[in-house]
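Readers should treat all values here as calculations from the given coordinates under stated rules, not as data from a laboratory. These figures come from a predicted structure and were not determined experimentally. We place every Cβ from the backbone using ideal geometry, glycine too, and count neighbours over all the protein chains shown.
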Amino acid sequence: MKAAVMREANKPLSIEEVTISKPGPREVLVRLKAIGVCHSDVHFWDGNFPTEMPVILGHESAGVVEQVGSMVSAVKPGDHVISILSPFCGVCEYCLTGHMSVCHTVNGDQFKRRPDEAPRLSIGKEKVGQFLNLSSFAEQILVHENALCAIDKDMPLDRACLIGCGVITGVGSVFHSAQVEPGSTVAVIGCGGVGLAAINGAAIAGASRIIAVDLSPEKLQLATRFGATDTVNPKNGNAIEAVKELTKGGVHYSFECVGSKQTAELAYHMLRPRGVATIIGMISPGVNIEIPGIELLVTEKRLQGAVMGSNRFRIDFPRFVDLYRQGKLHLDDLISDRIGLDGITGAMQNLKNNKGTVARQVVVLD
Ligand SMILES: NC(=O)c1ccc[n+]([C@@H]2O[C@H](COP(=O)([O-])OP(=O)(O)OC[C@H]3O[C@@H](n4cnc5c(N)ncnc54)[C@H](O)[C@@H]3O)[C@@H](O)[C@H]2O)c1
Ligand SMILES: [Zn+2]
Ligand SMILES: [Zn+2]
């Protein structure tokens, strides 16, 4: 199969012929139809986060099941599926208490092949790394069955793929991690694929005021299509003061969807007392966030992280498909470009440059 292979940071990915193994007992081979390009791919491509090489990046995908292993029960050949980078084991403390999105961070090895087994991906004798249990910038993926969720076949796969990372992360953070209530006020910092989904989620949850914060006027304009009631550009003045004025003292919930110290601290400072800031963006290793310690006591503000929208994806994904069909989840507006495998390097460059006209760029395969 063909895949976009990364051999060096910041260099163009090369389209290469890659050997993908046959499914082991709990593995599934999926022919991909659509793959979104997320800023998390960029964090590994530009060397900010370490990764083995060669590697195939990509982790927001949807496709059709081709072959299943002998013990697979979750999906069957012909099923349309969305993948996720947070598979679950089903038996650990996190899974059994309903926090399955955390499972892969402690039990990651059991979703991979052991070092003494043949690798899932290779080129000749060379092993190719599987990124985040998926490696979706490719025609096929070979994954653990618990990294997949079947969906109805009438759901267009180019929109379905977005649910697998950006949308579950943004909407899930609102529904599950922060549990935004109707009538509350929300600020979302960073209006890319993830932030726009968080704004959309806040609108569905019934937030009374949704403030989009971004440096790009085009992104702020786009955010209003997803439900933002107000926009704030930090380039035009003090964003904390602007949000406090709009909400008479600060928001109930803020979501950081950029991945920097500065925006994480901004998310905290624009809260009202008892407010909750949820950090979604990937902050580079070694970077610490600073907040005044005494404020936690005096204001009862809270700062929390969220991985993959604290998802329960086998429940969430079919529900999100329904929300799309009801016209509530604006997946069509999230796609700014459709590209081929050879367009991924340019797409990542656009995200790195914060190109204002770019939301989600989606690789579409026949
Ligand atoms: N927690 C998770 O599980 C999870 C999942 C997916 C993505 N992420 C992370 O979420 C972040 C956002 O991902 P994305 O794909 O939406 O990225 P994106 O590049 O599409 O969007 C980022 C947005 O932030 C804006 N921005 C940049 N600097 C800013 C600043 N200083 N102030 C305000 N806005 C600013 C940009 O204009 C852009 O609109 C990334 O760090 C990504 O790695 C985390
Ligand atoms: Zn992602
Ligand atoms: Zn588990």
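Using unit Cβ charges (K, R positive; D, E negative) and no other charged atoms, how large, in debye to the nearest 20, is the dipole of segment 170-306 about its Cα centre?
Dipole about the Cα centre, nearest 20: 140 debye.
For q values of 0.11, 0.14 Å⁻¹, compute log₁₀ I(q)/I(0) with the Debye formula on a Cα-only model of segment 1-141, without solvent.
-0.41, -0.68
Given +1 on the Cβ of Lys and Arg, -1 on the Cβ of Asp and Glu, and no further charges, what dipole in debye does segment 1-61 carry about its Cα centre, rounded to the nearest 20?
300 debye
How large is the charge dipole for the chain, taken about the Cα centre, if only the Cβ atoms of Lys, Arg (+1) and Asp, Glu (-1) carry charge, to the nearest 20 debye?
Dipole size: approximately 300 debye.
Let me check I have the definition right: for segment 170-306, take the eigenvalues of the Cα gyration tensor, multiply each by 5, take square roots. What are those semi-axes in whole Å, largest first?
Three semi-axes, in Å: 20, 16, 15.
Which semi-axes, in whole Å and largest first, does the equivalent ellipsoid of segment 164-243 have when worked out from the alpha carbon gyration tensor as the square roots of 5 times its eigenvalues?
Its equivalent ellipsoid spans semi-axes of 19, 14, 10 Å.
Which FRET efficiency, nearest 0.05, do Ile315 and Ser208 yield, Cβ-Cβ r, R0 35 Å?
My answer for the efficiency is 0.85.
Does segment 101-197 come out rounded, prolate or oblate by the C-alpha gyration tensor, with a ≥ b ≥ c the root eigenvalues, rounded set by a/c under 1.5 and, if not, prolate when a/b is larger than b/c and oblate if not?
The shape class here is prolate.
Would you compute, for the Cα atoms of the chain, the largest minus smallest coordinate along each principal axis and list the three values in descending order, in whole Å?
Largest first, the chain extends 61, 42, 40 Å along its Cα principal axes.
Less than 20 Å apart at the alpha-carbon level, and either on another chain or at least 8 residues along: which aspartates and glutamates does that give for Lys22?
Output for Lys22: Glu66, Asp79, Asp109, Asp116, Glu117, Glu126, Glu139, Glu145.
What is segment 170-306's relative contact order, in percent, from Cα pairs under 8 angstrom and six or more apart in sequence?
Relative contact order here is 22 percent.
Between Gln262 and Asp332, what is the FRET efficiency for a Förster distance of 41 Å, r being their Cβ-Cβ separation, to the nearest 0.05?
0.80
Using a cut-off of 12 Å between beta-carbons, work out the net charge of the residues near Val243 (Lys and Arg +1, Asp and Glu -1, Val243 not included).
Here the count lands on +1.
What order do you get for 273-283, 181-191, 96-106 when each peptide is scored by the mean count of other beta carbon atoms within 10 Å, highest first?
In decreasing order of mean packing, 273-283, 181-191, 96-106 become 181-191, 273-283, 96-106.
Test of understanding: what is the full-extension gain from Asn238 to Leu215, defined as 0.36 nm times their sequence separation minus their Cα-Cα distance?
7.1 nm
Pick out, from His176, Ile344, Asn288, the residue whose Cα sits farthest towards the positive end of the charge dipole of the chain, with +1 on the Cβ of Lys and Arg and -1 on the Cβ of Asp and Glu.
Final value for the positive-end residue is His176.
Counting only C-alpha contacts under 8 Å and six or more residues apart, can you give the relative contact order of the chain as a whole percent?
Contact order relative to length: 19 percent.
May I ask you to derive the FRET efficiency for Ser21 and Arg325 from their Cβ-Cβ distance with R0 = 45 Å, giving the value to the nearest 0.05?
It comes to 0.80.
For segment 251-366, report the translational diffusion coefficient in µm²/s to the nearest whole number, using Stokes-Einstein at 10 °C, 1.306 mPa s, and a Kirkwood Rh over Cα pairs.
Roughly 93 µm²/s, to the nearest whole number.
Which value, to two decimals, describes the C-alpha radius of gyration of segment 273-326 once divided by 2.2 N^0.38 Å?
1.63
Stretched out fully, how many nm does the piece from Glu245 to Arg114 gain, at 0.36 nm a residue minus the Cα gap?
41.6 nm
Can you tell me the length gained on complete extension of the stretch Glu300 to Ser122, counting 0.36 nm per residue apart and subtracting the Cα distance?
Length gained, Glu300 through Ser122: 58.9 nm.
Please report the antiparallel percentage of the DSSP beta bridges confined to the chain, to the nearest 5.
For the chain, the DSSP antiparallel bridge percentage is about 55.
Would you calculate a helix-derived [θ] at 222 nm for the chain, using -39,500 (n - 2.57) for each DSSP H run of n ≥ 4 and dividing by the full residue count, to the nearest 500?
That calculation yields -7000 deg cm²/dmol at 222 nm.
Just order 118-125, 172-179 by mean Cβ neighbour count inside 10 Å, highest at the front, would you?
172-179, 118-125
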